[in-house]
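The values are calculated or read from the model by the stated rules, or taken from the named source; none is laboratory data. Small disclaimer: the values here were computed from a predicted structure and weren't measured. All Cβ positions, even for glycine, are placed from backbone atoms using ideal geometry, and neighbour counts span all protein chains on display.
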Amino acid sequence: MKPVARGVFPVEKEALFFQDLGDRIRCCACERRCELPPDASGFCQTRKNRGGKLYTLVYGDISSISANPIEKKPLFHFYPGSTALTVGTWSCNFTCPWCQNYEISKSPQSIGKGRYLSPEDFIELTTRYHCQGTSISLNEPTLLLEYSLDIFELAKGAGYYNTFVTNGYMTPQALQALIQHGLDAMNIDIKGDTEAVSRLCHADVAKVWRNAVEAKRHGVWVEITTLVIPGVNDKEETLRGIARKIKGELGDETPWHTTGYYPAYRFRDELFTPPTPLKSLEKAREIGKGEGLKYVYIGNVPGHPFESTYCPRCHELLVGRHGFSLTGYRITEDNRCPKCGQRVPIVGHPVKAAPRLG
């Protein structure tokens, strides 16, 4: 990637969405709504009360950057086969002890030590690396709220799509701003039921569901991921509850990615939890299909047949996948199964030639 200055930030960015409480400031970027006395930072440590104003400390402070297949998000029904320039920063607003990206999301001490990338340079790199869109991801993207808004606006002007891979815990004001500035698609992580999310993430999963519903209501393409973790959310009643809620609140065509977990962060050491057995993922998919969801996928198991898309009516293979690559594509130009005519919800078509199936 294009080299950029390390640790050199040309502007100090005043944050959006806060309330002046007199002797404190309430941050309104995420649903923690931290109240900050002078010179204090919030839970995520990326926002600080400086002189009675709220500032973001991570605007353009990039911990990681890569050109990723859209399937890696995962977004399976959104511009399949395309590539999104993807960035993240540091820290998180959740406390998940199994975090799969803990090197950056559990490193608030690294704030200010990334590579500064201006929104203009971000868009230039999107073009240079022949990407079709943007993705704010890797750690929780709501922490990059102001930066995301600037990226999205520039990206829309240049003809690119915009995506968010998120725990879904932004405030309604923040979500509306993202939509207004050009958010096209979200993958939202539903980490478990009310009890598990409260106990292990210290968050209210009802607010995540609220945001998923609101995003879809405003035309954002929404896919749901559940990292299936032994002892956390792999019970049948938990998975069935998630599947029912997806169908009831988001619709039966909403893709659900049931994804394999690997031991990481505290679940690798003092709270060791083994990897997700394949049978648990297959059971989760069976539950989702049994509850009436049309598109349920198994993730983090490259080569598994259920990382591909099948017609929900005649079961014809429509989109073949292996890992993050398309191995074939058969959906018609008007988004139908070529065998039985079933409509298939897809936003866009492959931007690169994909092998034809059948």
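Laid out as a table, the results:
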{"quantity": "Count - residues of region 145-173 that are of a type in the set (Gly, Ala, Ser), over 16 Å from CYS92 (Cα atoms) and in contact (Cβ under 8 Å) with a residue 12 or more places away in the chain", "calculated": "2"}
{"quantity": "Residue ranges of strands (runs of 3 or more DSSP E) in region 164-264 with at least 2 members β-branched (Val, Ile, Thr)", "calculated": "221-228, 256-260"}
{"quantity": "Criterion: surrounded by 24 or more Cβ atoms within 10 Å (Cβ to Cβ), assigned by TED's automatic domain parsing to the domain that holds HIS202 and farther than 30 Å from VAL228 by Cβ - qualifying residue of PHE152, PHE78", "calculated": "PHE152"}
{"quantity": "Within region 331-356, tally of residues that are among the charged types (D, E, K, R) and at pLDDT below 95", "calculated": "3"}
{"quantity": "Residues within region 192-206 that are surrounded by fewer than 17 Cβ atoms within 10 Å (Cβ to Cβ) and farther than 16 Å from ARG266 by Cβ, tallied", "calculated": "5"}
{"quantity": "Test: ASP184 is modelled with pLDDT of 95 or more and farther than 24 Å from TYR147 by Cα", "calculated": "no"}
{"quantity": "Residue check for ASP61: acidic (Asp, Glu), in contact (Cβ under 8 Å) with a residue 12 or more places away in the chain and surrounded by fewer than 20 Cβ atoms within 10 Å (Cβ to Cβ)", "calculated": "no"}
{"quantity": "Qualifying residues in region 220-241 (those that are touching a helix residue (DSSP H, G or I) at 6+ places or on another chain (Cβ under 8 Å) and closer than 26 Å to ALA174 by Cα) - the one surrounded by the most Cβ atoms within 10 Å (Cβ to Cβ)", "calculated": "ILE224"}
{"quantity": "LEU293 surrounded by 14 or more Cβ atoms within 10 Å (Cβ to Cβ), of a type in the set (A, V, I, L, M) and over 19 Å from the mean Cα position of the chain (by Cα)", "calculated": "yes"}
{"quantity": "Single unsatisfied condition, ILE287 versus (1) outside any strand (DSSP E or B); (2) outside the structural domain of ALA196 (by TED's automatic domain parsing); (3) crowded, with 21+ Cβ neighbours inside 10 Å", "calculated": "(2)"}
{"quantity": "Hits in region 10-46 (condition: among the small types (Gly, Ala, Ser), touching an Asp or Glu at 6+ places or on another chain (Cβ under 9 Å) and within 15 Å of ILE111 (Cα to Cα))", "calculated": "GLY42"}
{"quantity": "Sole residue being under 15 Å from TYR79 (Cα atoms), in contact with a strand residue (DSSP E or B) (Cβ under 7 Å, 6 or more places away or on another chain) and among the β-branched types (Val, Ile, Thr), chosen from ILE331, ILE346", "calculated": "ILE331"}
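Residue-wise test of (1) of a type outside the set (Val, Ile, Thr); (2) at pLDDT 95 or above; (3) outside the structural domain of TYR169 (by TED's automatic domain parsing).
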| site | (1), (2), (3) |
| --- | --- |
| PRO69 | yes, yes, no |
| SER82 | yes, yes, no |
| THR86 | no, yes, no |
| CYS92 | yes, yes, no |
| PRO97 | yes, yes, no |
| ILE104 | no, yes, no |
| TYR116 | yes, no, no |
